[in-house]
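Here is the structure we will look at.
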Amino acid sequence: MADKAIKRVLTVAGSDSSGGAGLQADLKTFQEYGTFGLTAITSIVTMDPDQGWNHAVYPVNTYQVEQQLKTVLSGSSLDAMKTGMLGSIEIIELLSETIDKHQIRNIVIDPVMVCKGENEVLQPENGAAIRELLVPRATVVTPNLFEAGQLAGMRSISTLEEMKEAARVIYELGAKHVVIKGGKFVEGDQALDLLFDGSEFTLFKETKLETSYNHGAGCTFAAAIAAGLAKGLTVIDAVAKAKAFVTEGIKNGFAFNSFVGPVWHGAYNKAEQRLNS
Ligand code: PXL
């Protein structure tokens, strides 16, 4: 039966009630990739329309995260795992122990410290624990420019040269691959993402899109990499496909309300169907 071969992908992340980012983005992406998504929720994020869409983060307690991981890991082994917003330093410690104990492979660490570029810094205090405990266990780590700066100890990153410098430093922390999500925030007219495997740089370029309906793009990109790895793609192929997947999602982003516009995670497959029909 086809079910036997279905790949299992876990996300350990926060809930974004607005549906574009967080574990909602991850699960939708896993589904679009034809994989089976599992979750351990670490925090609940709400946004207040009466206060300019101000974000509040409510961490889940560590015991509850532990019990969710136990539930997930009681099935047969995972094919990949992705992390997003982690809620607390204790949860990060628990996660690093769990990765070692269960020898989890194909690990994508999305070191979430901010929402949307650097507009809204969420849980920057988790940065040091992510750097020490999770980055060394990562198959791929996927910081945006702000997070790359935090991990690499660089004040600000806005050019390709600075992205390369940060990628080298983050690689030295122990990640097997570093993908810096420059996206539209890099200087110039191209959206740039950079992959570094310790010896070679690979640059992924797209023309910058004229839209601000891109909420959840970073989570979706990292989730797509994890699902691609679960399905047996090489890192470079997984990143290339994830870039195409998220670009289509951004092109089909929409206004949810006057504050936020999420990407649409179903857009890539919809476009493929159109092409094939
Ligand atoms: O996009 C970063 C992010 C990650 N995870 C959760 C979020 C957000 C931004 O809103 O809510 C749960």
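The values are calculated or read from the model by the stated rules, or taken from the named source; none is laboratory data. Here the structure is a predicted model, which is why all the values come from computation and not from measurement. Reconstructed Cβ throughout: ideal geometry from the backbone, glycine too, with neighbour counts over all protein chains shown. The area values use the complete protein model at the heavy-atom level, side chains included, leaving out ligands, DNA and RNA. Shrake-Rupley method; radii C 1.70, N 1.55, O 1.52, S 1.80 Å.
See the values below:
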| quantity | calculated |
| --- | --- |
| Search result, residues across the range 38-59 that are under 17 Å from GLY261 (Cβ atoms) and either open to solvent by 40 Å² or more (accessible area, probe 1.4 Å) or more than 11 Å from the ligand (Cβ to nearest atom) (or both) | PRO49, GLY52 |
| Test: residue in the range 220-232 that is among the aliphatic types (A, V, I, L, M), touching a helix residue (DSSP H, G or I) at 6+ places or on another chain (Cβ under 8 Å) and surrounded by fewer than 21 Cβ atoms within 10 Å (Cβ to Cβ) | no |
| Within the range 106-119, tally of residues that are in a loop (DSSP other than H, G, I, E, B) and within 16 Å of the ligand (Cβ to nearest atom) | 8 |
| Qualifying helices (runs of 4 or more DSSP H) (wholly inside the range 155-267; at least 3 residues being within 17 Å of the chain's Cα centre (by Cα)) | 217-230, 235-251 |
| Meets criteria (among the aliphatic types (A, V, I, L, M), closer than 14 Å to GLY84 by Cβ and open to solvent by 30 Å² or more (accessible area, probe 1.4 Å)) for ILE6 | no |
| Among the residues listed as SER76, SER96, the single one being among the hydroxyl-bearing types (Ser, Thr, Tyr) and assigned to a loop (DSSP other than H, G, I, E, B) | SER76 |
| Of residues in the range 65-105 being within 16 Å of the ligand (Cβ to nearest atom) and polar (S, T, N, Q), the one least open to solvent (accessible area, probe 1.4 Å) | THR83 |
| Qualifying positions in the range 19-37 - of a type in the set (Gly, Ala, Ser) and either more than 13 Å from the ligand (Cβ to nearest atom) or crowded, with 20+ Cβ neighbours inside 10 Å (or both) | GLY20, ALA21, GLY22, ALA25, GLY34, GLY37 |
